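Novice: Could you have a look at this structure, given as structure tokens, before my questions?
Just so you know, all these numbers are worked out from the coordinates, no wet-lab data involved. What you are looking at is a predicted structure, and each value in this text was computed from that prediction instead of being measured. Here the Cβ positions follow ideal geometry from the backbone for every residue, glycine too, while neighbour counts run over all protein chains shown.
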Amino acid sequence: MAQIYARITGTGSALPERVVTNADLEKIVETSDEWIRTRTGIQRRHIAAEGQTTGDLATEAAQRALEAAGVKASELDLIVLGTTTPDIIFPSTACLVQHRLGANGCAAFDVNAACSGFVYALGIADKFIRSGQSRKVLVIGAETLTRMVDWSERETCVLFGDGAGAVVLEASGEPGIYATLLHADGGFKHLLYNPVGVSAGFTDEPNHGVRINMSGREVFKVAVKTLDSLVDETLQAAGMEASQIDWLIPHQANLRIIEATAKRLEMPMEQVIVTVHEHANTSSGSVPLALDYAVRSGKVQRGQNLLLEAFGGGFTWASALLRY
Ligand code: UT7
């Protein structure tokens with residue numbers, strides 16, 4: 001039987017209207033545009049309006065991806081949504097989005113893999129298509145991470161933004177996704193976590209103690225090392241050389257981490273999609289936002305090979321190598 005591949009047939013994204021610059025943040029915490037730019041590459045970020053949810057951004061991104069693919073919501077077999085900031089505890093944000101799109105009846109679920117959420121979701125969707133279970137799948141990465149930012153903590157509040165991206169994957173005889181790799185090591189929980197959930201940490205305080213705890217320097221070191229071996233492992237799994245990759249589309253947390261990965265691949269920065277200056281770290285939203293930007297700006301062309309990678313809380317790390 002001929003091999004079935006999952007091909008990206010459409011991309012979309014959505015960002016909140018409100019933009020907060022580094023200069024704006026200088027007014028609320030002791031920081032500087034210079035520190036933020038040189039340490040992270042971030043210049044501005046989009047912040048969700050009051051009442052605007054992860055599901056709102058996800059729905060908007062999904063509608064654009066469906067339109068680009070020429071696929072009707074009613075044709076979908078599956079929706080997988082990566083997020084750590086779901087609208088409500090249940091139903092899943094994937095179910096909320098499904099109903100708003102009018103895709104009722106298909107399978108729909110969320111994946112929580114922190115910043116690796118979208119790439120995890122893509123890996124899962126790929127398996128559904130390869131196995132013949134699904135033919136048209138919507139994969140979304142969406143977050144309103146700034147909802148759990150402590151705006152008095154300069155170490156974290158300058159780093160994050162809100163946004164969503166989506167792709168439509170369809171079964172095809174042509175590649176398609178060559179390989180996806182998903183990894184996690186829960187032994188690193190203490191370096192990057194939010195202590196509050198339903199079963200632990202929940203209090204009666206107004207914000208329930210919800211906040212991102214991050215040991216930035218330690219996370220940075222493990223991220224660079226882990227992404228180094230991840231790109232080697234991904235090339236090997238796809239049977240490819242680094243020179244065959246046309247574009248690196250990395251998780252957008254820190255420009256210095258992105259540059260280190262590009263160096264490992266001996267790739268000039270001209271072949272790396274960078275949006276961290278505009279979006280900051282949007283967690284699960286980051287890779288699909290960068291991909292949609294790359295497609296709509298005409299950088300990424302049909303037939304080119306793309307390497308997607310992400311690293312985040314858990315720790316989790318994941319990659320996908322595909323022909324667009
Ligand atoms: O997406 C999930 C994965 N997350 C990541 O990949 C994030 C990884 N980590 C990072 O990106 C970086 O470690 C940070 C951007 C978070 C921090 O950069 P760094 O170069 O590792 O700085 P640092 O934490 O070592 O702090 C250096 C100094 C400290 O002052 P002292 O101790 O040297 O006096 C901080 O207090 O910078 C200070 N600092 C700030 N100064 C101005 C920390 N935050 C700020 C700030 N503005 N916003």
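Novice: Consider all pairwise Cα distances in region 204-318 and report the whole-number % of them above 18 Å.
Specialist: Cα-Cα pairs in region 204-318 separated by more than 18 Å: 52 percent.
Novice: In whole Å, how far is the Cα centre of region 113-142 from that of region 271-321?
Specialist: Each part reduced to its Cα centre gives a spacing of 15 Å.
Novice: Further question on the same structure: Viscosity 1.567 mPa s, temperature 4 °C: give me the Stokes-Einstein translational D for region 2-103 in µm²/s, with Rh taken as the Kirkwood radius over C-alpha pairs.
Specialist: 80 µm²/s
Novice: Just to confirm a number: summing +1 for Lys and Arg and -1 for Asp and Glu over residues other than PRO16 whose beta-carbon lies under 14 angstrom from that of PRO16, what do you get? Write down the numbers at each step before the final one.
Specialist: Numbers: positive: ARG18, ARG44, ARG45, ARG147; negative: GLU17, GLU50, ASP56, GLU60, GLU143, ASP162, GLU278.
So the environment of PRO16 carries a net charge of -3.
Novice: Quick check: convex hull of the Cα atoms in the chain, volume per residue, rounded to a whole Å³?
Specialist: 129 Å³
Novice: Can I ask one more? For each of SER92, SER297, SER116, count neighbouring Cβ atoms within 10 Å of the residue's Cβ, then give the residues from fewest to most.
Specialist: Least crowded to most crowded, the residues run SER297, SER92, SER116.
Novice: Per DSSP helix of 4 or more residues, -39500 (n - 2.57); summed, then divided by the residues of the chain. What does that give at 222 nm, rounded to the nearest 500?
Specialist: About -9500 deg cm²/dmol.
Novice: Still on this structure, please answer the following. With both bridge residues required to lie in the chain, what share of the DSSP beta bridges run antiparallel, to the nearest 5%?
Specialist: 70 percent
Novice: Let me make sure I get this right: for region 73-114, a, b and c are the square roots of the gyration tensor eigenvalues over alpha carbons, sorted descending. Under 1.5 in a/c it's rounded, otherwise prolate if a/b > b/c, else oblate. Which is it?
Specialist: Prolate.
Novice: Roughly how large, in nm² to one decimal, is the mean projection of the convex hull of the alpha-carbon atoms in region 274-317?
Specialist: 3.4 nm²
Novice: Going through the DSSP H helices of the chain, which span 24 Å or more along their own axis at the Cα atoms while scoring at least 1.0 as a mean Kyte-Doolittle hydropathy? Could you put the intermediate results ahead of the total?
Specialist: Values: long enough: 216-238 (32 Å, 0.17).
Flagged H segments: there are none.
Novice: Can you pull the one-decimal nm distance between simple spin-label points at ASN213 and SER152, each 7 Å off the Cα toward Cβ?
Specialist: Modelled inter-label distance: 1.8 nm.
Novice: Same structure, new question: How big is region 134-227 in terms of Cα radius of gyration and Dmax, in angstroms?
Specialist: When restricted to the Cα atoms of region 134-227, Rg and Dmax are 17.8, 54 Å.
Novice: So, one more: Sorted by packing (mean other beta-carbon atoms within 10 Å per residue), highest first, where do 17-26, 37-46 land?
Specialist: Sorting 17-26, 37-46 by mean packing, highest first, produces 37-46, 17-26.
Novice: Ok, one more. Which far-off residues, 5 or more places away or on another chain, put their amide H under 5 Å from the one on GLY82, with H placed in the peptide plane?
Specialist: For GLY82, whose amide H was placed from the backbone, the distant partners under 5 Å are VAL111, ILE140, GLY141, ALA142.
Novice: What does the charge count near ASP56 come to, summing +1 for each Lys or Arg and -1 for each Asp or Glu among other residues with Cβ under 15 Å from its Cβ?
Specialist: Local net charge: -2.
Novice: Placing unit charges on C-beta atoms (Lys and Arg positive, Asp and Glu negative, everything else neutral), compute the dipole magnitude of the chain about its Cα centre in debye, rounded to 20.
Specialist: 520 debye
Novice: How do PHE202, PHE315 line up, fewest other C-beta atoms within 10 Å first?
Specialist: PHE202, PHE315
Novice: Using alpha carbon centroids, what distance separates region 147-179 and region 226-262, in Å?
Specialist: What the calculation gives is 17 Å, centre to centre.
Novice: With an 8 Å Cα cut-off and a minimum separation of 6 or more residues, compute the relative contact order for region 1-57 in percent.
Specialist: This gives 40 percent for region 1-57.
Novice: Relative contact order for region 156-278: what percent, with Cα pairs under 8 Å and sequence separation of 6 or more?
Specialist: Reported relative contact order: 20 percent.
Novice: How many percent of DSSP beta bridges within region 178-323 run antiparallel, rounded to 5? Don't skip to the answer; put the middle values down first.
Specialist: Working: 16 of 21 bridges.
Taking every DSSP beta bridge within region 178-323, about 75 percent pair in antiparallel fashion.
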